[in-house]
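Q: Take this structure, written in structure tokens, and hold onto it; I'll ask about it next.
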Amino acid sequence: MIDLPIYDRSGTQVDTLSIDEASLGGPEIRYDLLKQAYVITHGNQRQGSARTRNRGRVEGSTRKLYKQKGTGNARAGTVRTNIRKGGGVAFAKVRGREDFRTSLTKKMRRLANRNALLAKLVDGEVKCFVDLAFEAPKTRDFAAVLGKVGIDRTCLVAVAKENRNAIRSARNIEGVDCTRIDQLNAFDLLNHRYLVTDRTSLEAFLDGSCFASAAASEESR
């Protein structure tokens, strides 16, 4: 069992939350699965829109720069040749593969998300608060809360969808990104040093209730 400290907003530990490693794919961290999930998610973000222009696609005159003989210079044709500045590319990248998407099975994806959280817990990089409810969006107040628990690197704030004031308070802080707790994934966890959440949101992630409520809200639309 992992005993996760629970803090109040002053940075004082007021409670602990016991988490079973087995519920997160433990007790070992599955590094191979985490790397596979990271690489696949990163590759799925590729747009496949990279293009370069050959000499036929570059704008410019097709006139021969100067006559072939008699000038003492090397032979030269159009200004759009690839050896001149602003000319085309010799081996231009043209339309080719545009879809780089690959996928994990649902079971592997969910296990990777939970195992990434386990890795954060083992390293002591999860900062859990009693609550992160703010009466109004206050960036300064949220930054002070982060400072109380010693967050000095990038962090990911994961709270419930309804907690909009916390998200609005954190999103303007440098090095801080926000996400909904039901959208927490291995890629975002591994891209940030710390995870900041509240006890209610973390428990909802662990027991899966946040996913059920998110699915219900999608169906009601």
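Q: If you go through the stretch 30-41 one residue at a time, do you hit one that is among the acidic types (D, E), assigned to a loop (DSSP other than H, G, I, E, B) and exposed (fewer than 11 other Cβ atoms within 10 Å of the Cβ)?
A: No, the stretch 30-41 contains no residue that is among the acidic types (D, E), assigned to a loop (DSSP other than H, G, I, E, B) and exposed (fewer than 11 other Cβ atoms within 10 Å of the Cβ).
Q: Related question: Is one or more of the residues making up the stretch 30-43 in contact (Cβ under 8 Å) with a residue 60 or more places away in the chain and among the basic types (K, R)?
A: yes
Q: Checking S23 against (1) part of a loop (DSSP other than H, G, I, E, B); (2) of a type in the set (S, T, Y); (3) in contact with a helix residue (DSSP H, G or I) (Cβ under 9 Å, 6 or more places away or on another chain), which test does it fail?
A: Just one mismatch for S23, condition (1).
Q: Being among the hydroxyl-bearing types (S, T, Y), farther than 30 Å from D131 by Cα, under 21 Å from the mean Cα position of the chain (by Cα) and modelled with pLDDT under 95 is true for just one of S61, S103. Which residue is that?
A: Residue meeting the stated conditions: S103.
Q: Checking the conditions here, which among L156, L146, L184 is at pLDDT 90 or above, in contact with an Asp or Glu (Cβ under 6 Å, 6 or more places away or on another chain) and within 21 Å of L17 (Cβ to Cβ)?
A: After ruling out the rest, the residue left standing is L156.
For (1) surrounded by 22 or more Cβ atoms within 10 Å (Cβ to Cβ); (2) not charged (D, E, K, R), each residue gets a yes or a no:
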| residue | (1), (2) |
| --- | --- |
| K106 | no, no |
| P137 | no, yes |
| R171 | no, no |
| T179 | no, yes |
| A186 | yes, yes |
| R199 | no, no |
| L206 | no, yes |
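Q: On to the next question. Check I6 against each of (1) touching a residue at least 60 places away in the same chain (Cβ under 8 Å); (2) not assigned by TED's automatic domain parsing to the domain that holds D207 and name the one condition it does not meet.
A: (2)
Q: Which one is nearest to T52 (Cα to Cα) among residues in the stretch 63-88 that are loosely packed, with under 10 Cβ neighbours inside 10 Å and among the charged types (D, E, K, R)?
A: Selected residue: K85.
Q: Identify, from the list R168, R199, R140, the residue that is within 22 Å of the chain's Cα centre (by Cα) and of a type in the set (K, R).
A: Of R168, R199, R140, the one residue that is within 22 Å of the chain's Cα centre (by Cα) and of a type in the set (K, R) is R168.
Q: Among the residues of the stretch 138-155, write down those that are hydroxyl-bearing (S, T, Y) and out of contact with any helix residue (DSSP H, G or I) (no Cβ under 8 Å at 6 or more places or on another chain).
A: Within the stretch 138-155, just T154 meets the criteria.
Q: Would a scan of the stretch 54-68 turn up a residue that is part of a loop (DSSP other than H, G, I, E, B), in the same structural domain as A143 (by TED's automatic domain parsing) and on the phi > 0 side of the Ramachandran plot?
A: Scanning the stretch 54-68, I find no residue that is part of a loop (DSSP other than H, G, I, E, B), in the same structural domain as A143 (by TED's automatic domain parsing) and on the phi > 0 side of the Ramachandran plot, so the answer is no.
Q: Does R109 qualify as being within 30 Å of S23 (Cβ to Cβ), of a type outside the set (S, T, Y) and under 36 Å from the mean Cα position of the chain (by Cα)?
A: Spelling it out, R109 is indeed within 30 Å of S23 (Cβ to Cβ), of a type outside the set (S, T, Y) and under 36 Å from the mean Cα position of the chain (by Cα).
The values are calculated or read from the model by the stated rules, or taken from the named source; none is laboratory data. For clarity, every value in this text was computed on a predicted model and none was experimentally measured. Every residue, glycine as well, gets a Cβ built from its backbone with ideal geometry; the counts of neighbours run over all protein chains shown.
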